[in-house]
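J.: Pasting in a structure now, in structure tokens, and then I'll have a few things to ask.
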Amino acid sequence: MVFDSATLVPEPEQLPSPGNLEGVELGLQHWRDAANRTDNSDLISFVEYTLQDNRIRRLLAAIFGNSPFLTHSLISDIAFAQRLFQEGPDTTLNSILASVAEDAIPGATTDTIMAVLRRARRRVALTVACADIAGLWNLNGITQALSLFAEQALQQAVGHLLYEGHQAGEIELPDCEHPQHSSGFFVLGMGKLGARELNYSSDIDLIILFDREVVRYVGARSPQQFFVRLARKLVRILEERTGDGYVFRTDLRLRPDPGSTPPALSTEAAETYYESTGQNWERAAMIKARPVAGDRVAGDRF
């Protein structure tokens, strides 16, 4: 197949001027080199097309001349870049989210989950940035897309960890194919995530809770100890820097009395805190709170 059309085509007046002209030339050379290293005639045709079409070439210049991160993301994943340019950001974003659900299955290893989420994060960043630079999405579309990916990443990571706990004989899940359902464990998105207003540099504010009346804990320790370990593993999956980067920085300090409480709390303990010693600003912060991963029924009930 010969690449002969593109959906991601910006209007030139929408594009920012490149801040680094040397970066533009170097980026374009690396873009050509990436095509020369493949035997895929379709990818070669795609790169040639992007260099010949003035509007797309100007988009590449805006990327290469302003963002080393996006430049690396684009050149190192040329097959994905072709899909993005040909299908457009809306279809591509939906495809990324679907692939995360397919690849980050609960039974996968933690290393696999981490790699899948980091690759997806890089692709989401590239998709959203291109849509932003090209003037195809407004601010609301950008923040919604970033927030949607954060939820998907959290859901896959939480599902993996719950399934892992079930396999280790620490908890019993009612539905192993859907580990989060009726698990009694849930994550609240706070702040910008709760309001679906994440931006490019946002960390994610989370409160991690479990409902003792729903959780089926069968391990040798206690539900509290188990879910504290799970919370720490969740933070590691999202935050740890690997060769593929990281997914999100996380902030658990909006939980009740963060200076003296563990990273995961029972709903009973949280409710007691808010009813007795919680500050007005802490109660106000709950206005934007919503369940973003785990047992949605338990989260909504809380």
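J.: Can you tell me the dipole magnitude for the chain around its Cα centre, using point charges on the Cβ only (Lys, Arg +1; Asp, Glu -1), in Debye to the nearest 20?
T.: Charge dipole, the chain, about its Cα centre: 560 debye, nearest 20.
J.: Can you run phi through the Karplus equation (6.51, -1.76, 1.60; θ = phi - 60°) for region 157-173 and list ³J(HN,Hα) in whole Hz, with x for Gly and Pro?
T.: Taking θ as phi minus 60°, the curve returns 5, 5, x, 4, 5, 5, 5, 4, x, 5, 5, 7, x, 9, 9, 10, 9 Hz for region 157-173.
J.: Can you pull the one-decimal nm distance between simple spin-label points at Thr91 and Asp175, each 7 Å off the Cα toward Cβ?
T.: Those two pseudo-labels are separated by 3.2 nm.
J.: Pulled fully out, how much extra length does the chain show between Ser17 and Thr112, if you take 0.36 nm times their separation in residues and subtract their Cα-Cα distance?
T.: Working: separation 95, 0.36 × 95 = 34.20 nm, distance 3.86 nm.
Going from the current span to full extension adds 30.3 nm.
J.: Then there's this: With a ≥ b ≥ c the root eigenvalues of the C-alpha gyration tensor of region 183-224, is it rounded (a/c under 1.5), prolate (a/b larger than b/c) or oblate? Show your work: numbers first, answer last.
T.: Values: a/c = 4.84, a/b = 2.99, b/c = 1.62.
Prolate is the answer for region 183-224, as a/c is 1.5 or above and a/b outweighs b/c.
J.: Given q = 0.14 Å⁻¹, what are the Debye log10 I(q)/I(0) values for the chain, with equal point scatterers placed on the Cα positions and solvent ignored?
T.: Taken in order of the listed q values, log10 I(q)/I(0) reads -1.00.
J.: Once both labels are modelled 7 Å past Cα along the beta-carbon direction, what's the Asn199-Asp300 spacing in nm?
T.: About 3.3 nm separates the two model spin labels.
J.: Want the number for Ala79 to Asp53: 0.36 nm per residue separation, take away the alpha-carbon distance, what's left? Don't jump to the answer; show the numbers that get you there.
T.: On the way: separation 26, 0.36 × 26 = 9.36 nm, distance 1.84 nm.
Between Ala79 and Asp53, full extension yields 7.5 nm more.
J.: Please list, in chain and number order, the residues 5+ apart from Arg212 or on another chain whose amide H is under 5 Å from its amide H, with Hs placed from the backbone.
T.: Here Thr267, Glu268 satisfy the definition.
J.: While we're on this one: Quick one: work out the % antiparallel among DSSP beta bridges in the chain, nearest 5.
T.: 70
J.: State the extension gain, in nm to one decimal, for the chain segment bounded by Thr272 and Glu25, taking 0.36 nm per residue of separation less the distance between their alpha-carbons.
T.: Working: separation 247, 0.36 × 247 = 88.92 nm, distance 6.07 nm.
Gain on extension, Thr272 to Glu25, equals 82.8 nm.
J.: Is the shape of region 151-225 best called rounded, prolate or oblate, per the rule: a/c under 1.5 gives rounded, else a/b larger than b/c gives prolate, else oblate, with a ≥ b ≥ c the square roots of the Cα gyration tensor eigenvalues?
T.: Prolate shape, in that a/c is at least 1.5 and a/b is the bigger ratio.
J.: Right, another one. When 1/r is averaged over all different Cα pairs and the result inverted, which Kirkwood radius in Å belongs to region 240-293? Can you show the working numbers first?
T.: Values: mean 1/r = 0.0763 Å⁻¹.
It is 13.1 Å.
J.: Which whole-number percent is the relative contact order of the chain (Cα, under 8 Å, 6+ apart)?
T.: Relative CO of the chain lands at 17 percent.
J.: Let me ask something else about it. Under a 5 Å amide H to amide H cut-off, with H placed in plane at 1.01 Å, what residues pair with Ile171 once short-range neighbours are removed?
T.: His166, Val218
J.: For q values of 0.24, 0.28, 0.29, 0.34 Å⁻¹, compute log₁₀ I(q)/I(0) with the Debye formula on a Cα-only model of region 75-119, without solvent.
T.: Rounded to two decimals, the profile gives -0.87, -0.98, -1.01, -1.12.
J.: Moving on. Between Arg290 and residues 5 or more places away or on another chain, which pairs have amide H atoms under 5 Å apart, with H built 1.01 Å from N, and which residues are they?
T.: Gly189
J.: Karplus couplings for region 131-139 from phi (6.51 cos²θ - 1.76 cosθ + 1.60, θ = phi - 60°), rounded to Hz, Gly and Pro as x?
T.: For region 131-139, the Karplus-derived couplings read 5, 5, 4, 7, x, 8, 10, 8, 4 Hz, x marking Gly and Pro.
J.: Residue by residue, what Karplus-based ³J(HN,Hα) values in Hz, rounded to whole numbers, does region 50-59 have, using 6.51, -1.76 and 1.60 with θ = phi - 60° and x for Gly and Pro?
T.: Going residue by residue, I get 5, 7, 8, 7, 4, 5, 6, 4, 5, 5 Hz, with x marking Gly and Pro.
Bear in mind these aren't lab numbers, they're just calculated from the coordinates by the rules spelled out. Small disclaimer: the values here were computed from a predicted structure and weren't measured. Here Cβ is always computed from backbone atoms with ideal geometry, including for glycine, and neighbour counts include all displayed protein chains.
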